Amino acid sequence: MRRIINSTFITIDGVIQHPENWPYEDVEDGSEEMQIELLRSCDAVLMGRHTYDGFAPAWSARSGDEYSDRINAMRKYVVSSSLSEPDWQNTTVISGDPVPEISKLKEQPGKDIVQYGFGQLSFTLMEHGLLDELRLWVYPLFVGRGGRAAPKICYTANARRRSSD
């Protein structure tokens, strides 16, 4: 069975929104190679509508490097009740209940599925046991405002721990 691996950038204060606006210092820490290796181990991308809206124009406009070429060529699945005509090549919209559709995707033959972004879709995947791995890329800074994930992640993890005791 295929696994779903979420890869999300997050700050110390739990902000996940607009990482493209965070200060970035070009450091040789191996993270770029780890991101490319993750893409190599997957043959599909799963995302919610907000992530799609950020990714589609950014990545479809790029080419000539391994990451851009790989993500553009991969099969993409977007969970959305409002998107009907996706612009990004190889994109399928999941407009109904995502749980049975994503369960079917996991059962299909192939490589793992990478999920980018962390919002309602991620919480739904966690709630139904469909998210297999969570990779948080922690940026050592405080943004102070924006969409946050950490409190709900902690709550979900604690709720699961209590329910399995």
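Observations
- Summing charges over all other residues whose Cβ lies under 14 Å from the Cβ of LEU83, with Lys and Arg as +1 and Asp and Glu as -1, gives -1.
- Interchain or long-range residues, amide H under 5 Å from LEU46's placed H: TYR77, VAL114, GLN115, TYR116
- Electrostatic bookkeeping for ILE71 treats Lys and Arg as +1 and Asp and Glu as -1; over the other residues with beta carbon under 12 Å from its beta carbon, the sum is +1.
- Sequence-distant residues sharing a close amide H with VAL93 (under 5 Å, placed H): VAL78
Coordinate-derived values only; no laboratory data. It should be emphasised that the depicted structure is a prediction, and the values quoted were computed from it without experimental measurement. Cβ coordinates were reconstructed from backbone atoms using ideal geometry, including for glycine residues, and neighbour counts include every protein chain displayed.
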